[in-house]
Structures are given as structure tokens and as C-alpha cells.
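Step one of this worksheet: look at the structure below.
The values are calculated or read from the model by the stated rules, or taken from the named source; none is laboratory data. All values reported here derive from a predicted model rather than from experimental measurement. Note: ideal-geometry Cβ built from the backbone for every residue, glycine included; neighbour counts use all protein chains shown. To get the accessible areas, we keep the full protein, side chains included, count just its heavy atoms, and leave off ligands, DNA and RNA. Shrake-Rupley method; radii C 1.70, N 1.55, O 1.52, S 1.80 Å.
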Amino acid sequence: QNIDSSFYRAKIDSLELLYGAHKQIPKAYKLEILLALSYFPELKDRKITFKTAKIKTTLNARPTVGSLLFRKRENRRYIVRINTTKKKGRVLMPDVPFNARIGLLGHEFCHFVDYDHKHLGGVLNRLFAYLGAKSKEHFEKEIDQLTIEKGLGWQLYAWSYYVLNDSKASDAYKAFKAKIYLEPEEILEIMKANKTY
């Protein structure tokens, strides 16, 4: 259920050799990023840049505009932005437990897997889905389900449980998360149905 950070910390060089190619990874989150990437062999050759930014959510992920427009799907480049806005009611990465960080990262990497299976029009349709609450909810819960199928169900559960029960997130943010994403009980139900509980 929990990925032991101390066990894998001694193996970080091997993890970086296997999963760190074409990735610009901040040192502060290197271990959890590499561990999450280990569940996504299809992203091994993708160029992914992690950078800090002042955004409203803990992380967000997207393809770069240039690679989306001018590169083949197998050559797309992706960006993961990590929030640094120290505003009351926000959930910051340093406050998130290690196991939950892997679940959150896994969710974002599933977006990349989803984008990789789509031509430009399909990716744009996904991006437009964010304009409507219903379509966004459907999309994000689909990505959560894919995260579970990737073997990160317990880590996604840890992330969802932390945000809704243990974090200092605002009530409005918690309500948003509970509506748009799978709640902990829903994650457990899917894991039971998939026999990964």
C-alpha cells in the first residue's frame, strides 16, 4: 500500500538511469517523480520538463504548444508545473505525504498517456473539456481510473484522502476536488472491482 521512500532512495541512481532520460527533474522531488515514471514505460523517451509556477492547483500538466502543433505524437514534449503559491487554502507539494505525491504524479502522467493516443484534434477536444464542469468531471475521473489501472490505486487513494481529510485546503477547494475527481471510497470500490485491493 505504501511505497517505502527509504528503500528506494538507495536505488535512485538506477531509477534515474532507467527512467530519467529526456527529463528535467527538480532535485527536491526526484525520487517520487522517478518512482511514478517507473509505472509508465511508454513515457520513457518522452521529453518532460518539471518547473515551478504560481498556479491554483498543486500540479498541472500539458503538452507544449510547439510540439503539439509541429511534432509527431511520438515526439511531443510535456510540461509539469509545480505550484509555489503560498496562499491560504492551497495544497503545496512539500506538505503532501510521499505516497500521495506518487499518486498525484501518476494522475498527471496518465494525462500524457491519454494525449499520446490522440491526434491534434483529439488533444484540443480534451483541452476544451475543461471549459465545462460536466465534461471536466468525466475526463478527470477517467484519468483517475487509468491511474488505478496503472497500478497506482493505493497512491491515488492516499492523495485523495490527504486532500479531503488531512490537508489545509480550503472548503471550496475540497468541494471542487470531491466533485471533479474520484473520492477515496470510489477509488477503493474500483480497486475491489479490479481485484487490485
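One table, with the values for the structure above:
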| read-out | value |
| --- | --- |
| Added length on full extension, which subtracts the Cα-Cα distance from 0.36 nm per residue, H138 to K87 | 15.5 nm |
| Rounded Å value of the spacing that divides the Cα centres of region 64-130 and region 139-194 | 16 |
| Taking region 2-121 and dividing mean pair separation by its residue count, relative contact order in percent (alpha carbons under 8 Å, at least six apart) | 26 |
| Positive minus negative residues near L127 (Lys, Arg vs Asp, Glu; Cβ under 11 Å) | +4 |
| Within the accessible area of region 1-68 (1.4 Å probe), percent carbon and sulfur | 51 |
| For the chain: rounded, prolate or oblate by the Cα gyration tensor [a/c cutoff 1.5] | rounded |
| Region 16-133: C-alpha gyration tensor shape, a/c 1.5 cut-off, then a/b vs b/c | oblate |
| Accessible surface, the chain, averaged per residue in Å² (probe 1.4 Å) | 54 |
| Cut-off 13 Å between beta-carbons: net charge of the residues surrounding Y39, Lys and Arg +1, Asp and Glu -1 | -2 |
